[in-house]
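Written out below as structure tokens is the structure these notes cover.
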Amino acid sequence: MSIRRRHRPFSLALRLTFFISLATIFAFAVLTSIMLSSVKNHFAEMDEQDLNKVKMTLSSILLEPGASEAEKVEKVSVILASYRHISVLMLNADNQMLYQSPGGPDLVPLLNTPQFAESLKTGSVFQWSDRRPGATAQDDHRPKTYRIIAASVSAPYHGKDATCTFVISFSIDFHLHYLDELKYNLWLIAAVMGLLIILIVVFAVHKGHAPLRTVSLKIKNISSENLDVRLDPRTVPVELEQLVISFNHMIERIEDVFTRQSHFSADIAHEMRTPVTNLVTQTEIVLSQPRSIKELEDVLYSSLEEYNRMAKMVSDMLFLAQADDHQLILEHARLDLRAETLKVFDFFEAWAEEQHVSLKMSGHPCWVEGDALMLRRVMNNLLSNAIRYTPEGETVHVTLSENDEWVKVVIANPGPVITPEHLPRLFDRFYRIDASRQRKTAGSGIGLAIVKSIVRAHQGKIHVTSDPVSTRFTLLLPRLKS
Ligand SMILES: Nc1ncnc2c1ncn2[C@@H]1O[C@H](COP(=O)(O)OP(=O)(O)O)[C@@H](O)[C@H]1O
Ligand SMILES: [Mg+2]
């Protein structure tokens, strides 16, 4: 059997570092390239200007009227002596070499190249690397490199038109060398800076995650013993605020369930203890001396009553436990709530009469979907409470109404006002307003808890209000749409 593992997302620190580093490296690369190409262009422009200047000077010498070819060559050679990186090759109209700078490169091979022809025609400057053996630049393994310009001028001499062609080369090895060094240094600086920035980012990301670690440490330290711990949303960065608030809500709910659970066990024990103690005491008293059959029968009847109460309580508890676990199995039938309530009225008729309380129903049939037995149990619990707390001679009113969404049932009875502090807790298990007073007459305080569970299972709502006129339980159930 193979277990397929889902790929875990990359760590936040890694992601941040990666993307910031990528952006930094990219920015540095672009910056370095722009700088290098701008320096390169600047050099090329300068070289071109220099070459053109030399070209103008040479042209003006060659165009001088009345000077012999030898005189001109002499003049050119004097002027060129002051230009360190410039060499010249001069040809006469018959393509015979007039002059070639001593110590300069041999420019003759250039004469047959297309660039030479192009430069002669348009005056453009081109770059040429001397690839002949032995022509490598100083401290470099690169061939000597030049920028070249060519020109030709017509210089009349003794009535004869003597055209003179010349090639000017400008050695740019020192520029290239400088560019190489600049390139090396710039990349080195970029690399070091990039590395530095990555380190700073790693550090910053680590620092930035500190609140996350603090929060997680605090959460780690929470156990069932200190569920009252809350995290302060004002002490964390805004990004974590919602998380902390949600966490606080969650822990609040857990705490609530936890305390209720622990109270619940205590309450069960407490509720069971009283009847069991009663039974034990009663039995001991009966056994303390001989009794007649009649006396024993009476005691057994009274015990039976107590057993029945306990059995009912246990089954109620079981019912609630099932409801809590969402194990209630509901039948989904179409029910007329009015008809169901009238059935419960029939059931209570005799007891209500005995209590001198009348039951009154108003409203027309209202249809809901649900479990008939469960909903009857709801009405049963609500009506038994209402009848119990209604003073003699008064009436319990049940009113049915509906709107688009809900069917509303109000069970109202005059009687003692329930003060506001009790109202929200009335539906809690074992909650009774005055436990001692009702011990004999009333149930154990589970009735309304069961009501609430059933109503919830039907997607309904229930709430209670109380004033000197009446106490009203309002029940809302989703209306059956026909
Ligand atoms: N109609 C009512 N009028 C006044 N008090 C009521 C009414 N219904 C319920 N109560 C109060 O709510 C408490 C809880 O009711 P319930 O859960 O049915 O428990 P029980 O009926 O077993 O006492 C009752 O003990 C009583 O104090
Ligand atoms: Mg009750």
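The values are calculated or read from the model by the stated rules, or taken from the named source; none is laboratory data. These numbers were taken from a predicted model, which means no experiment stands behind them. Please note: Cβ atoms are built from the backbone with ideal geometry, for glycine as well, and neighbour counts cover all protein chains shown.
Structure above, values below:
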{"quantity": "Unique residue being under 23 Å from the mean Cα position of the chain (by Cα) and not in a helix (DSSP H, G or I) when the list is L231, L240", "calculated": "L231"}
{"quantity": "Residue match in segment 356-364 (condition: on the phi < 0 side of the Ramachandran plot, more than 51 Å from the chain's Cα centre (by Cα), surrounded by fewer than 17 Cβ atoms within 10 Å (Cβ to Cβ) and in a loop (DSSP other than H, G, I, E, B))", "calculated": "yes"}
{"quantity": "Number of positions in segment 443-462 that are part of a helix (DSSP H, G or I) and either near ligand 2 (Cβ under 8 Å from one of its atoms) or in contact with a helix residue (DSSP H, G or I) (Cβ under 7 Å, 6 or more places away or on another chain) (or both)", "calculated": "9"}
{"quantity": "Residue within segment 404-416 that is surrounded by fewer than 13 Cβ atoms within 10 Å (Cβ to Cβ) and either modelled with pLDDT under 90 or hydroxyl-bearing (S, T, Y) (or both) present", "calculated": "no"}
{"quantity": "Sole residue being near ligand 1 (Cβ under 10 Å from one of its atoms), assigned by TED's automatic domain parsing to the domain that holds A339 and without any contact (Cβ under 8 Å) to a residue 40 or more places away in the chain, chosen from G393, G445", "calculated": "G445"}
{"quantity": "Inter-residue pairs, beta-carbon under 9 Å, first over 12 Å from E340 (Cβ atoms) and in segment 376-390, second within 7 Å of ligand 1 (Cβ to nearest atom) and part of a helix (DSSP H, G or I), 6+ apart", "calculated": "N381/G447; N381/L448; L382/G447; L382/L448; S384/G447; N385/G447; N385/L448; R388/Q438"}
{"quantity": "Filter result (closer than 14 Å to L111 by Cβ and either modelled with pLDDT of 90 or more or among the hydrophobic types (A, V, I, L, M, F, W, C) (or both)) within segment 150-163", "calculated": "A150, A151"}
{"quantity": "Failed item in (1) within 9 Å of ligand 1 (Cβ to nearest atom); (2) loosely packed, with under 14 Cβ neighbours inside 10 Å; (3) acidic (D, E), with D428 passing the rest", "calculated": "(2)"}
{"quantity": "The lone exception for V76 - which of (1) in contact (Cβ under 8 Å) with a residue 12 or more places away in the chain; (2) within 26 Å of D180 (Cβ to Cβ) it fails", "calculated": "(2)"}
